[in-house]
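So the structure is just underneath, and the comments pick up after that.
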Amino acid sequence: MSGEPSNVRAGAEGDTSSIRLFGFWVYIMSDCVLFATLFVTFAVLHASYAGGPTAKQIFELPGVLLETMFLLTSSFTYGLATLAMRRGARGELLAWLAITAVLGASFVGLELSEFRRLVLEGNGPQRSAFLSAFFTLVATHGLHVSCGLLWMIVLIGQIARKGLSRTMSSRVMTLSLFWHFLDIVWICLFTFVYLAGVV
Amino acid sequence: MNEKSFGGAAHGSYRSYTLGFILALVLTVIPFILVMTAALPVTALLVTIGAFALVQIGVHLVFFLHLSRSSEQRWNIVVFAYTLIVLAILVGASVWIMYHLNYNMMP
């Protein structure tokens, strides 16, 4: 390894923000491992129906497709928010962040209504090992998205009140990593849990 | 506000985000259609949707997370590569062990 890692190289301005981003990237990678363990648990238990319903009987793909569209579009609008930020257009940044938050909230809302439907039908997490693993995995992702939403709302408030400082832009970039990462986890979710379950 | 102030995180442009979004849309809709219409035999279908997911993850990493091999991002890539190894061992080995366990425990 020649020389110091560029993320830690001292001197120029803004280096603390790039160190922070790198640290957050390391956190995200550890979060990957968390999700991987939940995915493996689901993979092992995906056919342990215990006489309960199978994946094919309870998953409704049109709803999942709609959820996917919300999350995917929100990733795109977050990207547009970072572009607006780089131009220094605060109003535009706030607008894109707000649109992203609405899309994210729609995603969480759809997911909650799916959970509600399953529980009301008697197919809650206690029904079978398959459903326990399913609820744990999907709800962990949903909880992450909800935390990201809370973070986004706080950030919108801070930027609206205090303006677009260097600290704020660093926070926007950190949340951007988190948000795009959650979209990647969702790709694995809709493919290996929902689609593969219905196949 | 110059680009440097964002460290090695993002170097996106309107074009790259739009391109990434369109690619992601296509890579999402096709596997959904394939599964909803049961267009292929089961094994082929599973392999196909898995491949679509992998490609889409690549699209997200490149167009949304802007992961690249630039020197600025070297350490991001090192951590990412290490994580991939851990994931491969974790997922591959666990599934391998559990399926053999099931097989060997069959009455």
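Quick notes
- Percent carbon-and-sulfur accessible area, the protein assembly as shown, ignoring ligands, DNA and RNA, probe 1.4 Å: 70
- Helical mean residue ellipticity (222 nm; -39500 (n - 2.57) per DSSP H run of 4+; nearest 500) of the protein assembly as shown: -24500 deg cm²/dmol
- Given charges at beta-carbon only (K, R positive; D, E negative), |dipole| of segment A:54-142 in Debye: 220
- Rounded to whole numbers, the Karplus 3J(HN,Hα) couplings from phi for segment A:183-199 are 5, 5, 4, 5, 4, 4, 5, 5, 6, 8, 9, 6, 5, 5, x, 8, 3 Hz, using 6.51 cos²θ - 1.76 cosθ + 1.60 with θ = phi - 60°, and x at Gly and Pro.
- Applying both filters, DSSP loop and at most 13 other Cβ atoms within 10 Å, to the GluC sites (Glu not before Pro) of segment A:105-199 gives A:Glu121.
- Dipole of the protein assembly as shown [Lys/Arg +1, Asp/Glu -1 at C-beta], most positive-end residue of A:Leu155, A:Cys188, B:Val29: A:Leu155
- Across segment A:74-82, computed HN-Hα scalar couplings (Karplus, 6.51 cos²θ - 1.76 cosθ + 1.60, θ = phi - 60°) run 5, 5, 5, 5, 5, x, 5, 4, 5 Hz from first to last residue, x flagging Gly and Pro.
- When both segment A:69-145 and segment B:52-69 are represented by their alpha-carbon centers, they are found 20 Å apart.
- Legend: residues A:Met173, B:Met36, sorted from most to least accessible area (1.4 Å probe; ligands, DNA and RNA excluded), read B:Met36, A:Met173.
- Panel note: contact residues of segment B:64-78 (accessible area lowered by at least 40 Å² against the chain on its own; 1.4 Å probe) correspond to B:Phe64, B:Leu65, B:Arg74, B:Trp75, B:Asn76.
- Debye log10 I(q)/I(0) for segment A:15-198, one point scatterer per Cα, at q = 0.12 Å⁻¹: -0.61
- Residue-level accessible surface for B:Tyr82, protein heavy atoms, 1.4 Å, Å²: 150
- A:His144, B:His60, B:His100, ranked by accessible area, largest first (probe 1.4 Å): B:His100, A:His144, B:His60
- FRET efficiency estimate (nearest 0.05) - Cβ-Cβ, B:Leu54 to B:Tyr99, R0 22 angstrom: 0.55
- Whole-Hz couplings from phi, Karplus 6.51/-1.76/1.60, listed for segment B:39-54; x for Gly and Pro: 6, 10, x, 3, 4, 4, 5, 4, 4, 5, 5, x, 5, 4, 4, 4
- Once the Cβ-Cβ distance of A:Glu121 and B:Ile77 is raised to the sixth power relative to R0 = 51 Å, the FRET efficiency obtained is 0.65.
- By accessible area with a 1.4 Å probe, ligands and nucleic acids excluded, highest first: order of A:Ile19, B:Ile49: A:Ile19, B:Ile49
- Within the assembled protein chains, the solvent-accessible surface assigned to B:Val95 is about 40 Å², based on a 1.4 Å probe.
- Accessible-area value, B:Val47, 1.4 Å probe, nucleic acids and ligands omitted, Å²: 100
- Longest to shortest principal axis, alpha-carbon extents of chain B, angstrom: 67, 35, 16
- Taken across both chains, chains B and A shield about 4700 Å² of accessible surface from a 1.4 Å probe.
- Surface accessible to a 1.4 Å probe, per residue, for the residues of the protein assembly as shown, Å²: 47
The values are calculated or read from the model by the stated rules, or taken from the named source; none is laboratory data. What you see is a predicted model; the values in this text were computed from it and never measured. A quick note on method: Cβ atoms are made from the backbone with ideal geometry, for glycine too, and the neighbour counts reach across all protein chains shown. For the accessible areas, the whole protein counts, side chains as well, though only heavy atoms, and no ligand, DNA or RNA atoms are used. Shrake-Rupley method; radii C 1.70, N 1.55, O 1.52, S 1.80 Å.
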